[in-house]
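Below is one structure, written out as structure tokens, with a few remarks after it.
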Amino acid sequence: MGVKSRTQEETGRYVRMLTHEIKSTLDRHTIFQMQSEKEGEASVITVNCPDKTGLGCDLCRIILFFGLTVVRIDVSTDGKWCYVVFWVIGKPSTRWGLLKKRLMGACPSCSSASGISYYRAELQPPKPPDVFLLKLSCHDRRGLLHDVTEVLCELELTIKRVKVSTTPDGKVLDLFFITDTRELLHTTTRQNDTYDHLKVVLGDAMITCDIEIVGPEITACSQGPSFLLDAITEDMFNTDMIDEHKNGSVSSKSPSITIDNSLSPAHTLVQIVCRDHKGLLYDIMRTLKDYNIQISYGRFTTKGKLDCELDLFIMQADGKKIVDPNKQNALLSRLRVELTRPLRVALVSRGPDTELLVANPVELSGNGRPLVFYDITLALKMLNKAIFLAEIGRYMVGDRECEVYRVLLDEGDDFSVTSKEIQEAVCKMLMGWKL
């Protein structure tokens with residue numbers, strides 16, 4: 001009897017210890033590993049966490065924000081738990097620790113109370129982040145706007161809207177409506193840190209810098225004037241004109257996209273062969289997220305420096321294959337557009353001036369493509385083109401919300417760069433192709 005009682009006690013302790021270990025593992029719902037190799041070699045990022053529709057999109061968006069190049073990816077999920085491995089090329093400046101923190105923040109939480117990996121029900125939508133107005137007055141110089149944008153990106157301050165104007169006496173007033181990924185901009189320490197970083201980059205060119213929180217009425221981006229919408233809808237968002245816009249070095253061969261329901265009894269196979277570009281995986285995952293499509297298994301590989309292949313076994317939210325021809329055609333059409341022209345770029349003549357328009361379709365969740373304004377201003381800085389006015393706003397174009405960047409170029413002192421060269425340079429910068 002004594003031996004049996006002792007065995008029961010040991011068994012009880014073992015069960016309690018095992019239960020505690022399982023719960024602890026579930027609390028660490030993301031098992032994340034990173035292996036940073038020497039420069040030029042792929043590092044490995046492993047994410048193991050509860051699954052959700054759109055998780056791949058959220059992870060790829062963060063990786064795109066940190067400027068990493070994805071050369072391979074493997075995805076596997078049973079609908080409740082997923083395992084994702086990224087092979088990425090980093091930079092000497094890559095902040096791996098911060099990247100890990102942001103990726104972990106994008107992973108869903110699971111309840112550890114029952115010891116089972118169920119999702120935590122979100123009873124209320126997340127609170128929108130506070131919006132702050134950064135008012136910056138400076139003496140103008142070439143590349144100023146890009147330098148400010150680069151500082152804000154490094155500080156994880158997201159530009160929601162911007163209005164830049166130049167005065168006749170050579171000064172600029174920049175109004176940035178920003179949110180803080182770290183949610184600390186309301187503190188004096190964070191504001192002072194932002195000021196110090198800007199001062200280091202701008203030096204004596206900076207006159208004043210003020211940061212203040214703005215009311216909720218500023219948070220929602222206002223609708224734009226009709227002439228801007230006309231310019232976009234007649235050209236930039238006409239999917240029938242995609243082939244006509246492919247010209248010279250900025251063109252890309254048409255992607256090959258096929259849908260097959262014969263290879264799997266439970267999944268639809270989507271196979272894509274196309275030219276690689278910056279944010280390619282994000283563009284594909286964003287489309288699937290908007291269509292509420294779940295990925296059960298996927299593999300992405302690059303072929304050389306230009307081409308890539310992607311195999312995705314997918315299903316609808318109801319767990320069924322995509323067999324409706326109308327749904328198949330709609331998905332194929334959207335994927336083809338996003339792979340051919342993920343961003344729309346156009347130059348519009350405004351009398352004696354030239355306006356650069358870049359349109360970026362946003363996710364249904366409201367997230368926009370990261371670093372678009374950064375790439376635009378960098379391309380113009382490399383061309384030594386001065387910016388007279390700049391604005392960012394959100395507009396409804398048909399049934400899609402788009403983030404539209406309007407940049408009025410200063411043509412007063414430099415006609416050496418043609419409109420075609422400007423458009424090609426901006427396109428190549430956005431697509432990650434060599435200038």
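The values are calculated or read from the model by the stated rules, or taken from the named source; none is laboratory data. Note that the structure is predicted; figures quoted are calculated from it, not measured. Glycine gets a Cβ as well: all are built from the backbone with ideal geometry, and neighbour counts include every protein chain shown. We work out accessible area using only protein heavy atoms, side chains counted, and drop any ligands, DNA or RNA first. Shrake-Rupley method; radii C 1.70, N 1.55, O 1.52, S 1.80 Å.
Of everything in segment 57-76, what is open to solvent by 20 Å² or more (accessible area, probe 1.4 Å) and touching a strand residue (DSSP E or B) at 6+ places or on another chain (Cβ under 6 Å)? Give them in sequence order.
Thr69, Val70, Val71, Arg72, Asp74, Val75, Ser76
For segment 169-254, list the helices (runs of 4 or more DSSP H) that sit wholly inside it and hold at least 1 residues that are modelled with pLDDT of 95 or more and of a type in the set (S, T, N, Q); which are they?
Answer list for segment 169-254: 188-202.
Filter segment 54-89 down to residues that are among the polar types (S, T, N, Q) and either in contact with a Phe, Trp or Tyr (Cβ under 6 Å, 6 or more places away or on another chain) or farther than 21 Å from Glu41 by Cβ (or both), then give me how many there are. Give the derivation first.
Quick first cut of segment 54-89, residues among the polar types (S, T, N, Q) only: 69, 76-77.
Going one step further and asking which of them are either in contact with a Phe, Trp or Tyr (Cβ under 6 Å, 6 or more places away or on another chain) or farther than 21 Å from Glu41 by Cβ (or both), we end up with 76-77.
Total meeting the criteria: 2.
Name the residues in segment 151-166 that are farther than 18 Å from Arg406 by Cα and out of contact with any Phe, Trp or Tyr (no Cβ under 6 Å at 6 or more places or on another chain), would you?
Residues satisfying the conditions are Val151, Leu152, Glu154, Leu155, Glu156, Leu157.
What do you reckon, is Arg102 open to solvent by 30 Å² or more (accessible area, probe 1.4 Å), at pLDDT 95 or above, over 30 Å from Pro168 (Cα atoms) and among the charged types (D, E, K, R)?
In short, no.
Residues to consider are Lys385, Lys321; find the one that is closer than 30 Å to Pro168 by Cβ, charged (D, E, K, R) and part of a loop (DSSP other than H, G, I, E, B).
Answer to the selection: Lys385.
Among residues belonging to segment 364-419 that are touching an Asp or Glu at 6+ places or on another chain (Cβ under 6 Å) and either touching a residue at least 60 places away in the same chain (Cβ under 8 Å) or among the hydrophobic types (A, V, I, L, M, F, W, C) (or both), point out the one that is most open to solvent (accessible area, probe 1.4 Å).
Per the stated criteria, the residue is Leu364.
Do you know which residues across segment 391-435 are at pLDDT below 90, among the small types (Gly, Ala, Ser), out of contact with any Cys (no Cβ under 7 Å at 6 or more places or on another chain) and not in a loop (DSSP other than H, G, I, E, B)?
Ser419, the sole residue that qualifies.
Mind counting the residues in segment 149-195 that are free of Cβ contacts under 8 Å to residues at least 24 places away in the same chain and open to solvent by 60 Å² or more (accessible area, probe 1.4 Å)?
Total satisfying the criteria: 7.
Search segment 106-139 for residues being at pLDDT 75 or above and in contact with a Ser or Thr (Cβ under 6 Å, 6 or more places away or on another chain), and hand back the single one that is most open to solvent (accessible area, probe 1.4 Å).
Pro129
Of the residues that make up segment 254-273, is at least one open to solvent by less than 40 Å² (accessible area, probe 1.4 Å), closer than 26 Å to Ala359 by Cβ and not aliphatic (A, V, I, L, M)?
yes
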